[in-house]
Amino acid sequence: MILAPNVLALLVASGATALLTALAACHGVGILRHWDLSSGSERQLALERRTYLTSALVGTVLSFELLSLFLFVSSADRIAPLLIGAMCAVGTLQANGYGFATLYLKLALFLLSGLWLVLNHADNLVPDYPLIRPKYLLLLVLAPLSAAEAVLEALFFLRLKPDVITSCCGSLFSSAAGTETDLAALPPRTALIALVAAGAALLLCAFWTARSQRRLAPLLLGAAGTVHFAVALAAIISAVSPYVYELPTHHCPFCLLQREYRYVGYLIYPALLAATVTSVGVGALAVGRAETAAGELPRFRRRLARWTIAAELLFLGIVAACIATSQLTLR
Amino acid sequence: MLRAVERHRHLLDFALASLLRRKGKNAALIGVYTLVVFLLGSTLFFTHGIKREAARLLAEAPEIVVQRTVMGRYEPVPADWTEKVRALRGVSEVQPRLWGYYFDPGLKANYTFLVDRRAEPGKVLLGAALSRARGAYPGDTISFDAFDGTFTSFEVTGVLSEASELLSADLILIAEGDYRRLTGAPAGLVTDLAVRVPNAKEVPAVAEKIAGLFPHARPILRSEILRTYDSLFDWRGGMMLAVLSATLLAFLILAWDKATALSAEERREIGILKAVGWDTGDIMLMKFWEGCSVSLLAFGAGSLLAYWHVFAGNGFVIVAALKGWSTLYPSFRIAPYLGPEQLITLFFLTVVPYTAATIVPAWRAATVDPDQVMR
Amino acid sequence: MIETVGITKTYNQGKPNEYRALREVSVTVEAGEFVVIKGPSGSGKTTLLTLVGGMARPTSGRIFVSGREISSLPERFLTEIRRQSFGFVFQSLNLIRGLSALENVMAPAYPSGEPHTRLRRRALELLERFGLAGRAGAKVEWLSGGEAQRVAIARALVNDPAAIIADEPTAHLDGALAAEFLDLLAQLNLQGKTVLVTSHDPRVWTGRAVSRVIELRDGAVVSADGTP
Ligand SMILES: Nc1ncnc2c1ncn2[C@@H]1O[C@H](COP(=O)(O)OP(=O)(O)OP(=O)(O)O)[C@@H](O)[C@H]1O
Ligand SMILES: [Mg+2]
């Protein structure tokens with residue numbers, strides 16, 4: 001078990017997050033069961049008031065998740081020297097089965113709560129709450145995920161065995177465990193071409209969505225956003241990271257967050273996450289009953305699409321700059 | 001877009017004004033909040049600072065220290081190992097070292113004797129903390145019990161500088177002959193070997209070769225010591241924080257209570273605002289800015305105080321709890337350092353729970369019925 | 001401008017202390033009218049105002065403001081309409097203590113996000129119009145009764161609403177101040193604002209500017225076209 005201050009901080013944050021999501025879900029259940037827009041009863045009024053609470057709760061969860069995502073990775077990085085064989089965050093996260101699971105859950109929670117807020121905003125644009133059911137059903141998904149995240153994160157840190165030399169006696173030969181990952185199998189050139197293609201597709205769909213009223217455009221944008229996210233992660237691991245580190249064998253996606261590399265990850269990842277949340281959000285809105293929200297919804301959709309464009313341009317721009325200024329050439 | 005910004009500005013202004021209007025109530029809350037940030041922040045900054053300090057000092061330490069263990073028991077190292085180790089590839093320098101502990105029953109403290117060329121026969125140099133504790137300054141004489149019960153006196157010729165006090169607090173530099181006379185260490189044996197390996201990548205290989213060369217040799221890597229320090233300090237810091245979490249909890253209850261127990265005046269005010277055209281969301285946004293201002297103020301003040309306390313005041317409040325493995329507390333200065341990670345951690349430990357605890361009360365307050373002000 | 005269709009308000013619905021404060025009330029107020037609602041204490045005047053003003057929702061029935069149904073609108077849509085349509089003056093004035101007169105006048109417009117300088121200018125103009133230019137910076141608790149009354153009207157006007165709604169505005173005022181207040185309302189009415197006032201004060205219903213009196217009793221309309 002590791003009881004470092006930042007570990008405690010993470011546990012506090014994930015506990016608080018789980019609590020807030022559970023609370024939001026409880027209110028969500030009430031809303032799902034008793035919602036009746038046509039009624040002027042006091043209960044309906046109380047339920048409508050609860051929607052303010054749930055939006056505030058999910059907004060808070062989103063910001064907590066974003067922060068804890070980065071603190072989690074940087075803590076994993078900091079813990080690495082305590083674990084024999086671990087060189088950086090990847091090694092720490094692989095030290096037991098809970099590390100990557102926690103990371104993925106954090107990522108999923110961030111994206112889902114971002115999506116929820118997009119739905120929520122769209123829902124609040126018109127008086128008749130067209131998305132109230134899907135929204136609160138999604139909230140019911142968020143709550144167990146958030147609880148699972150808190151539990152897995154606690155288990156992860158509890159089960160970490162720092163192989164320390166006690167007082168001053170250490171055994172040298174316990175090292176040698178490899179931390180190679182097989183995440184980097186993709187040939188870098190292919191990965192970069194795929195990234196450019198996915199980025200171009202995303203931008204095209206976003207432009208189209210910003211211009212046209214066709215329902216197909218946002219659906220395609222949502223799909224492009226999903227594909228782009230996966231491709232971008234693969235490309236970061238297989239190609240972008242080596243370019244940034246100027247080492248063809250260094251594939252760690254987390255070292256991008258370190259000072260040595262000018263904290264470039266703190267620009268790349270938020271931009272990517274923003275592009276993903278906005279584009280997938282637009283897609284999700286188009287899947288739902290979009291027609292009821294005439295007038296306001298298309299405007300919101302166009303605004304989201306413009307955000308996608310901005311975030312994606314930032315993302316691609318930084319990636320391009322990293323590759324252009326790198327001393328390394330990969331084939 | 002601009003309207004949204006302007007709306008935030010108005011609500012922030014209003015929130016600040018309403019905080020100022022209730023100075024008494026808010027000052028108490030901010031005071032306690034600041035104190036909690038200060039305590040947790042001091043612990044964090046201190047732990048981190050001392051770790052950096054240890055790393056900085058160890059940066060000069062040899063990459064490998066070779067000791068000898070026979071049947072699990074520590075034994076002195078034969079001095080003739082030196083040449084064989086020096087011949088290994090990758091090794092740039094080997095320094096046989098002679099040192100040992102000495103227990104002072106008067107002070108109930110352990111000193112470390114280290115043979116060093118700076119000490120001439122019959123004279124010693126003292127670590128600063130030790131010099132203070134024994135009241136021995138350059139020119140004085142200081143005596144120790146030798147292993148055979150005789151009483152030996154030395155002249156103090158100097159005090160070691162404070163810069164490296166974490167490791168040298170209890171140090172006594174002594175000449176080789178004096179040391180052997182004091183401890184009875186036989187000639188031809190040394191305590192350990194300090195091995196320099198310039199290329200970090202070769203360190204494990206060299207250590208392995210040393211272990212192969214002498215069956216009883218035990219090479220200790222600098223990186224392992226560093227790791228031990230790291231986890232030791234992390235653990236202490238973590239324990240301290242766990243203890244302080246009781247304070248945090250008390251504070252959260254206070255914050256929750258303050259946020260829940262709205263005065264009639266505040267309730268009326270919110271009712272009025274809602275009656276004249278504010279929405280529940282506007283009130284919540286105003287409350288959000290109120291919470292942000294309180295948090296920002298307390299977090300800023302608390303971390304500044306903690307910074308000052310740790311790096312200028314040497315952490316006098318928490319020092320005993322964190323360091324107490326030696327009776328001689330070094331009064332060294334930790335090099336000031338504050339990274340984003342410490343601040344984020346502190347933020348997570350204070351602002352995040354505060355926000356979580358006040359969100360529901362803020363909503364409750366915001367759902368006051370506007371029509372109640374009509375009665 | 002305002003139309004209620006068979007609105008009923010039941011407090012504490014489903015509980016033992018259930019109370020029907022309004023039953024099937026249907027009234028219409030045209031734009032530009034000066035309407036007084038009168039009736040004995042407890043007859044539901046205030047309740048009717050809160051419903052019309054969008055501060056509470058009717059248990060059943062519908063309310064239209066400028067042709068738009070507001071009775072089923074969620075709060076976040078209602079407030080915008082409320083801000084544009086109604087300025088409120090309360091029986092106990094309800095100024096926010098600790099704030100200056102100017103800040104009190106500006107407060108209702110804060111959420112609209114109007115640029116600060118413009119809003120401030122407008123609020124100052126209003127105060128000036130009511131002869132309060134010199135008192136703009138004064139805390140409201142130091143204002144005299146008449147001054148406070150005028151600040152409350154200025155606040156009701158800051159969003160330039162189509163109608164002024166006032167609940168028992170003269171209850172705490174002596175004869176002279178009450179007359180002054182009624183004059184102000186009459187002026188505003190002349191400038192095109194709809195005025196809706198409740199009162200059981202004869203000075204109010206007999207005012208010259210009043211165009212119509214609606215009488216309530218036990219939560220029901222007794223007469224809707226009484227002349228002053
Ligand atoms: N929140 C509430 N809960 C329960 N009953 C209420 C509530 N508000 C008002 N009532 C009741 O509804 C009835 C109508 O109240 P309302 O305030 O509308 O009367 P009013 O005509 O304005 O009286 P007054 O002239 O005294 O101001 C009263 O009997 C009152 O007790
Ligand atoms: Mg009344």
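Taking (1) surrounded by fewer than 20 Cβ atoms within 10 Å (Cβ to Cβ); (2) within 25 Å of C:Leu216 (Cα to Cα); (3) not charged (D, E, K, R) in turn, C:Ala163 satisfies each apart from (1).
Give the residues of region C:1-34 that are of a type in the set (Gly, Ala, Ser) and under 17 Å from C:Lys45 (Cβ atoms), sorted by residue number. If the condition is that a residue be of a type in the set (Gly, Ala, Ser) and under 17 Å from C:Lys45 (Cβ atoms), then C:Ala21, C:Ser26 are the ones that fit.
Which of the residues spanning region A:38-64 are more than 18 Å from B:Lys287 (Cα to Cα) and either within 11 Å of chain B (Cβ to nearest Cβ) or outside any helix (DSSP H, G or I) (or both)? Working first, answer last.
Taking region A:38-64 and keeping what is more than 18 Å from B:Lys287 (Cα to Cα), we get A:38-48, A:62, A:64.
Hits for region A:38-64 are A:Ser38, A:Ser39, A:Gly40, A:Ser41, A:Glu42, A:Leu45, A:Ala46, A:Glu48, A:Phe64.
What are the residues in region C:43-62 that are surrounded by fewer than 22 Cβ atoms within 10 Å (Cβ to Cβ) and away from chain B (no Cβ under 14 Å), if any? Show your work before the answer.
Residues of region C:43-62 surrounded by fewer than 22 Cβ atoms within 10 Å (Cβ to Cβ): C:46, C:56, C:59-62.
C:Ser60, C:Gly61, C:Arg62 - these are the residues of region C:43-62 that are surrounded by fewer than 22 Cβ atoms within 10 Å (Cβ to Cβ) and away from chain B (no Cβ under 14 Å).
Can we say C:Thr194 is more than 14 Å from the chain's Cα centre (by Cα), among the polar types (S, T, N, Q) and more than 16 Å from ligand 2 (Cβ to nearest atom)? When the stated conditions are applied, C:Thr194 does not pass them.
Among the residues of region A:120-144, which ones are under 16 Å from A:Thr60 (Cα atoms) and either surrounded by fewer than 19 Cβ atoms within 10 Å (Cβ to Cβ) or among the aromatic types (Phe, Trp, Tyr) (or both)? Answer for region A:120-144, where residues must be under 16 Å from A:Thr60 (Cα atoms) and either surrounded by fewer than 19 Cβ atoms within 10 Å (Cβ to Cβ) or among the aromatic types (Phe, Trp, Tyr) (or both): just A:His121.
Tell me whether region B:148-162 contains one or more residues that are outside any loop (DSSP other than H, G, I, E, B), crowded, with 18+ Cβ neighbours inside 10 Å and within 14 Å of another protein chain (Cβ to nearest Cβ). Scanning region B:148-162 turns up no residue that is outside any loop (DSSP other than H, G, I, E, B), crowded, with 18+ Cβ neighbours inside 10 Å and within 14 Å of another protein chain (Cβ to nearest Cβ). Scan region B:244-295 residue by residue and report those that are β-branched (Val, Ile, Thr), within 12 Å of another protein chain (Cβ to nearest Cβ) and touching a residue at least 24 places away in the same chain (Cβ under 8 Å). Selection gives B:Ile270, B:Ile272, B:Thr280, B:Ile283.
Close contacts from region A:200-215, counting a first residue that is over 17 Å from A:Val287 (Cα atoms) and a second that is of a type in the set (Asp, Glu), with Cβ to Cβ under 7 Å and a gap of 6+ residues or different chains, come to A:Leu202/A:Glu312; A:Leu203/A:Glu312.
Has region B:62-69 got at least one residue that is of a type outside the set (Lys, Arg), out of contact with any Gly (no Cβ under 9 Å at 6 or more places or on another chain) and in a loop (DSSP other than H, G, I, E, B)? Yes - at least one qualifying residue is present in region B:62-69. For the criterion of being over 29 Å from A:Ala46 (Cα atoms), within 21 Å of the chain's Cα centre (by Cα), free of Cβ contacts under 8 Å to residues at least 60 places away in the same chain and crowded, with 18+ Cβ neighbours inside 10 Å, C:Glu103 passes.
One line per residue, one yes/no per condition, for (1) surrounded by 21 or more Cβ atoms within 10 Å (Cβ to Cβ); (2) within 16 Å of ligand 2 (Cβ to nearest atom):
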| position | (1), (2) |
| --- | --- |
| C:Lys38 | yes, yes |
| C:Ser41 | no, yes |
| C:Val65 | yes, no |
| C:Phe77 | no, no |
| C:Ile81 | no, no |
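Just so you know, in region C:144-198 the residues that are polar (S, T, N, Q) and away from ligand 1 (no atom under 16 Å from the Cβ) include one that is nearest to C:Pro108 (Cα to Cα), and it is C:Asn159.
Identify all residues within region B:83-129 that are in contact (Cβ under 8 Å) with a residue 12 or more places away in the chain, over 26 Å from B:Ile64 (Cα atoms) and in a loop (DSSP other than H, G, I, E, B); write none if there are none. B:Leu107, B:Lys108, B:Glu120, B:Pro121, B:Gly122, listed by residue number.
Can you tell me which residues in region C:43-63 are within 11 Å of ligand 2 (Cβ to nearest atom) and either of a type outside the set (Ser, Thr, Tyr) or in contact with a Leu (Cβ under 7 Å, 6 or more places away or on another chain) (or both)?
From region C:43-63, those within 11 Å of ligand 2 (Cβ to nearest atom) are C:43-50; that's our starting set.
The answer is C:Ser43, C:Gly44, C:Lys45, C:Thr47, C:Leu48, C:Leu49.
Within region A:125-166, the set of residues being over 24 Å from the mean Cα position of the chain (by Cα) and within 14 Å of chain C (Cβ to nearest Cβ) comprises A:Leu125, A:Val126, A:Pro127, A:Asp128, A:Tyr129, A:Pro130. The set of residues in region A:267-282 being of a type outside the set (Gly, Ala, Ser), in contact with a helix residue (DSSP H, G or I) (Cβ under 6 Å, 6 or more places away or on another chain) and surrounded by fewer than 19 Cβ atoms within 10 Å (Cβ to Cβ) consists of A:Leu267 alone. Taking residues in region B:1-28 that are more than 7 Å from every other protein chain (Cβ to nearest Cβ) and free of Cβ contacts under 8 Å to residues at least 24 places away in the same chain, and partners anywhere that are among the hydroxyl-bearing types (Ser, Thr, Tyr) and in a helix (DSSP H, G or I), the pairs with Cβ atoms closer than 9 Å and at least 6 places apart or on different chains are B:Asp13/C:Tyr110. Among the criteria (1) modelled with pLDDT under 90; (2) over 29 Å from B:Gly41 (Cβ atoms); (3) out of contact with any Gly (no Cβ under 9 Å at 6 or more places or on another chain); (4) crowded, with 19+ Cβ neighbours inside 10 Å, the one A:Gly40 does not fulfil is (3). Counting the residues of region C:123-146 that are buried (at least 18 other Cβ atoms within 10 Å of the Cβ) and not in a loop (DSSP other than H, G, I, E, B) gives 5.
Residues that are aliphatic (A, V, I, L, M), more than 33 Å from the chain's Cα centre (by Cα) and surrounded by 11 or more Cβ atoms within 10 Å (Cβ to Cβ) within region B:181-204 comprise B:Leu182, B:Ala185, B:Leu189, B:Val190, listed in sequence order. For region A:98-106, the criterion of a residue being buried (at least 20 other Cβ atoms within 10 Å of the Cβ) and of a type in the set (Lys, Arg) is satisfied by at least one position.
What number goes with the only condition from (1) within 16 Å of ligand 2 (Cβ to nearest atom); (2) of a type in the set (A, V, I, L, M); (3) farther than 20 Å from C:Gly87 by Cβ that C:Ile7 does not pass? Here C:Ile7 clears every test but (1). Given the structure, is B:Glu269 surrounded by 20 or more Cβ atoms within 10 Å (Cβ to Cβ) and over 30 Å from B:Ala194 (Cβ atoms)? Judged against the criteria, B:Glu269 is a match.
Filter region C:26-42 for residues that are within 14 Å of chain B (Cβ to nearest Cβ) and in contact with a strand residue (DSSP E or B) (Cβ under 9 Å, 6 or more places away or on another chain); which is nearest to ligand 1 (Cβ to nearest atom)? It comes out as C:Gly42. Please specify each residue of region B:207-217 satisfying the condition of being crowded, with 17+ Cβ neighbours inside 10 Å and within 8 Å of another protein chain (Cβ to nearest Cβ). Answer for region B:207-217, where residues must be crowded, with 17+ Cβ neighbours inside 10 Å and within 8 Å of another protein chain (Cβ to nearest Cβ): just B:Ala207.
The values are calculated or read from the model by the stated rules, or taken from the named source; none is laboratory data. Remember, it's a predicted structure, so these values are computed and weren't measured experimentally. Cβ coordinates were reconstructed from backbone atoms using ideal geometry, including for glycine residues, and neighbour counts include every protein chain displayed.
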